[in-house]
Amino acid sequence: MIRILFVCLGNICRSPTAQGVFEGKLRQHGLVDKSFAEKIRVDSAGTAAWHTGKAPDKRSQQAASKRGYDLSQLRARQVTELDFQTFDYILAMDKANLAALRSICPPQYISRLSLFLDYAEGPEQEVPDPYYGGEEGFNQVLDLIEAASDGFIKHLSNRA
């Protein structure tokens with residue numbers, strides 16, 4: 001079993017989008033029935049607890065829905081200490097959240113932490129937080145997450 005956790009600040013915009021897009025990309029690539037995809041568990045969380053139990057931001061859901069991704073069943077939660085033991089990949093959306101994760105991660109699990117955009121081709125290193133912006137920010141987040149999802153699927157395929 002490969003376990004993947006996507007992490008942003010509040011777990012209502014970027015990380016649930018990454019979870020929904022990545023799961024959708026597995027289906028789009030026709031990998032749902034392939035052996036390695038059946039062994040993947042995907043989740044998302046935030047480094048802060050402000051939105052625990054809430055659905056993803058409506059703007060995230062709307063932008064994702066326009067591209068065929070359904071985020072409606074996801075609910076925000078905060079990263080826990082158990083996550084560091086449970087997940088093989090803990091993929092932060094930006095450097096601030098990566099630093100927050102490193103500050104609470106037990107040393108033996110530090111190697112599990114990285115930026116999600118490390119798997120995308122392009123100059124961007126961080127998925128920007130669209131929360132205080134307009135519709136274009138949510139579309140940019142989707143563009144970056146789709147590219148990183150494709151790259152991460154390729155990484156996992158090569159590993160399988």
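General remarks:
- Under the Debye formula (equal points on every Cα, no solvent term), log10 I(q)/I(0) of the chain at q = 0.08, 0.12, 0.15, 0.17 Å⁻¹: -0.20, -0.45, -0.73, -0.96
- For residue 61, neighbours were defined as the other residues whose beta-carbon sits under 15 Å from its Cβ, and their charges (Lys and Arg +1, Asp and Glu -1) total +3.
- Between residue 96 and residue 28, the C-beta separation translates, for a Förster distance of 25 Å, into a calculated FRET efficiency of about 0.25.
- Distant-in-sequence amide H partners of residue 6 (H built 1.01 Å from N, under 5 Å): 43, 44, 45, 91
- Here's how it looks for residue 40: its modeled amide H is under 5 Å from those of 2, which are all 5 or more places away or on a different chain.
- Within-9-Å neighbourhood charge of residue 52 [Cβ basis; K, R +1; D, E -1]: +3
- The mean accessible area for residues of region 25-160, using a 1.4 Å probe and ignoring ligands and nucleic acids, is 55 Å² per residue.
- 11 Å beta-carbon shell around residue 135, net charge (K/R +1, D/E -1): +1
- For the peptides 84-96, 50-62, the ranking by packing is 84-96, 50-62, with the highest mean count of neighbouring Cβ atoms within 10 Å listed first.
The values are calculated or read from the model by the stated rules, or taken from the named source; none is laboratory data. Note that the coordinates shown come from a computational prediction; the quantities given were computed from them, not determined experimentally. With ideal geometry, Cβ positions are generated from the backbone for all residues, glycine too; neighbour counts draw on all protein chains shown. Remember, those area values only see protein heavy atoms, side chains included, never the ligands or the DNA or RNA. Shrake-Rupley method; radii C 1.70, N 1.55, O 1.52, S 1.80 Å.
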